[in-house]
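Engineer: The structure that follows is given in the form of structure tokens.
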Amino acid sequence: SASGCCGLAGDSEGVIGGTRERVGGGGGEGSCVRLRRRTAVASIRVNEATRKYVVETAGAGDGDAERWEPEAPYDIVVFAAPVQARPDPLADRRSNRTAAADLFDPVTIPQFRRFLHRRGEKQLPPFRRCVATLVQGKLRQDYWKGLSAAPTKQKPSRFDEKRELPLCEVITEDPETSDNPVAQDEVDIYSCALQLPTHLKTLRDARAWQKYVLEQDPYAAVWKVFSPDPLRPEQVRRLFAFETEEPPAGTVQAFDWLAYPTYEIADPEGRADAFLPFRIQENRGPGPASRPCSTLLYVNAIEHSASALEMSAIGGKNVANLAVEFVRKRELAREEDAGEAKKQK
């Protein structure tokens, strides 16, 4: 599954030198970005007079009271959140509970609602819930040995203990699509993988750390488990051992989120409408010249084909290129207007 494969990212030899931490950390350096924390977008619409986007926001003021911000006009608006056709089951935990499509004025920006409704009963696939649990402890190798050694409908047991233990990463089948349902005494997870400290600089350092925590100090190892539901304490103890009877404070941390769309096998005849374009809307001014005034871009368009940090980077680059293209077209239009004005003089 996509959840399982992504769960292995960052394990064993995947991330060296804290590169993943640096992706977001340097994003605003050298730019004119103003980050507005604790602020939610309330509405987005097109001003018919200026043909620019008007964005209304609301933030928490003194005493956490809701404070509405004045409307601001924008030439380029980039929407970076998934548009969902189904209710978010985790919405009650989020600060901004407004449905994404409800942010856009259906009169001036009809594209989002039209997209959500044009497929009729075939709505957008819901996002898959993925609970990420970080555990510092010793992986119980015997638990995985028992599961791996047990024969299944698809293959007999060919588990080689000397070759395959100790395990440092595990990925499971999807019980909904395979012939191997989750057994009653089995913990239902997508994946489990050993994580590397971000201070490691080389592949040699990573392999040395892996050997150390697997063979000499297994209680120092940190594991990332992806699962469809939160792990109960007894499930955590079934998968991991700790130096004390109960897990010490801070050794088990869970993050519950909707990670990826539920992917389907593509239908060549009817899947073209499953994707939104990166450029949702481009507004032009009145008159025969019809110069570009503003544009609305959707960075998450790529997410329904594949969802990962690397794919988000591709989507961001596409949107950045479209923004640059829009600015260049507008500047070219202004130069043409200036040239026409000189001719008339």
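Engineer: Please go through region 301-321 and pick out each residue that is free of Cβ contacts under 8 Å to residues at least 12 places away in the same chain and of a type in the set (Ser, Thr, Tyr).
Structural biologist: None - no residue of region 301-321 is free of Cβ contacts under 8 Å to residues at least 12 places away in the same chain and of a type in the set (Ser, Thr, Tyr), so the list stays empty.
Engineer: Here's another thing I want to ask about it. Does region 294-326 hold any residues that are of a type in the set (Asp, Glu) and surrounded by 20 or more Cβ atoms within 10 Å (Cβ to Cβ), and which are they? Steps first, please.
Structural biologist: In the first step, residues of region 294-326 are kept if they are of a type in the set (Asp, Glu); the result is 303, 310, 325.
Selection gives Glu303 alone.
Engineer: To continue, here is another question. Quick check on region 327-337: of everything there that is more than 34 Å from the chain's Cα centre (by Cα) and open to solvent by 50 Å² or more (accessible area, probe 1.4 Å), which residue is nearest to Leu258 (Cα to Cα)?
Structural biologist: Glu331
Engineer: Let me ask you something else. Residue check: is Val225 in contact with a Cys (Cβ under 6 Å, 6 or more places away or on another chain) and at pLDDT 90 or above? Quick ask: steps written out before the conclusion?
Structural biologist: Working: in contact with a Cys (Cβ under 6 Å, 6 or more places away or on another chain): yes; at pLDDT 90 or above: yes.
The answer is yes for Val225.
The values are calculated or read from the model by the stated rules, or taken from the named source; none is laboratory data. Please read all numbers here as calculations on a predicted model, not as lab measurements. Quick reminder, even Gly has a Cβ in these numbers, built from the backbone with ideal geometry, and neighbours come from all protein chains shown. Ligands, DNA and RNA are stripped out before the accessible areas are found, and what is left, the full protein with its side chains, is counted by its heavy atoms. Shrake-Rupley method; radii C 1.70, N 1.55, O 1.52, S 1.80 Å.
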